[in-house]
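Data block below; observations after.
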Amino acid sequence: MPRSGSCLCGALAYEIDGEFDGVWICHCSVCRKASGGIGNAILIVPRPRFRWLRGEEHRVTFAPRPSYAITRCRTCGTPLPAEEDEQHVYLTAGTLDEPLGVGVKGHLFYGSRADWSADAPHARYFVERSAGPTCAPDPVAAPPTP
């Protein structure tokens with residue numbers, strides 16, 4: 001079953017074929033800098049299963065290191081894909097347009113994750129914005145213990 005994805009403004013769109021057994025979270029310092037967050041949530045997609053549908057002219061690629069490149073939409077800045085090589089596309093999972101139906105498969109560079117990536121004691125969970133209703137955390141989504 002093909003799945004589609006796109007950037008925030010919709011200028012770039014892609015499609016991937018097949019099923020996936022999970023998302024990888026990379027916690028390395030490079031992915032944290034590139035994402036501005038906890039790291040990159042990625043799907044490792046075999047290159048033959050990935051294709052651009054539109055907007056390739058909106059792509060701009062940054063290669064801050066010889067072993068790391070990231071392509072972003074030149075209009076909205078959405079990172080997609082996170083990295084590419086001859087065999088795989090490392091696709092940012094947050095750019096999928098539909099639910100994937102699987103959870104996190106693994107954590108990469110977990111030993112070097114940011115010290116703030118774990119919940120503080122008594123962390124609160126909000127359904128949406130911080131002024132809205134709270135909810136209980138999903139116990140299945142708890143981070144793995146080191």
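Odds and ends about this structure:
- For the chain, leaving out every one of the trypsin sites (Lys or Arg not before Pro) that falls in a DSSP loop and has at most 13 other Cβ atoms within 10 Å, the longest unbroken run is 1-123.
- GluC sites (Glu not before Pro) restricted to DSSP loop in the range 22-113 with at most 11 other C-beta within 10 Å: 86
- Summary value for the chain: 27 percent relative contact order, contacts being C-alpha pairs under 8 angstrom separated by 6+ residues.
- Remark: the range 64-74, residue by residue, has Karplus-estimated 3J(HN,Hα) of x, 9, x, 9, 8, 9, 9, 9, 10, 6, 6 Hz, where x stands for each Gly or Pro and the curve is 6.51 cos²θ - 1.76 cosθ + 1.60 at θ = phi - 60°.
- Computed helical MRE - 222 nm, the chain, DSSP H runs ≥ 4 contributing -39500 (n - 2.57), nearest 500: -1000 deg cm²/dmol
- Charge tally in the Cβ shell below 12 Å around residue 134, where Lys, Arg are +1 and Asp, Glu are -1, residue 134 excluded: +1
- Centroid-to-centroid separation of the range 1-36 and the range 39-117 [C-alpha atoms, Å]: 4 Å
- Residue-wise HN-Hα couplings along the range 120-125, as the Karplus relation 6.51 cos²θ - 1.76 cosθ + 1.60 with θ = phi - 60° gives them from phi, are 6, x, 6, 4, 9, 10 Hz; Gly and Pro carry x.
- Shape index of the chain: Rg/Rh, with Rg the Cα radius of gyration and Rh the Kirkwood radius from the inverse mean 1/r over Cα pairs, equals 0.98.
- Range in the chain, longest, excluding exposed chymotrypsin sites (Phe, Trp or Tyr not before Pro) [loop by DSSP; at most 13 other beta-carbon atoms within 10 Å]: 1-115
Quick note: the coordinates plus some simple rules give every number you see, no bench work behind them. This is a predicted model, so every value here is computed, not measured. Counting neighbours? That spans all protein chains shown, and the Cβs are built from the backbone with ideal geometry, glycine included.
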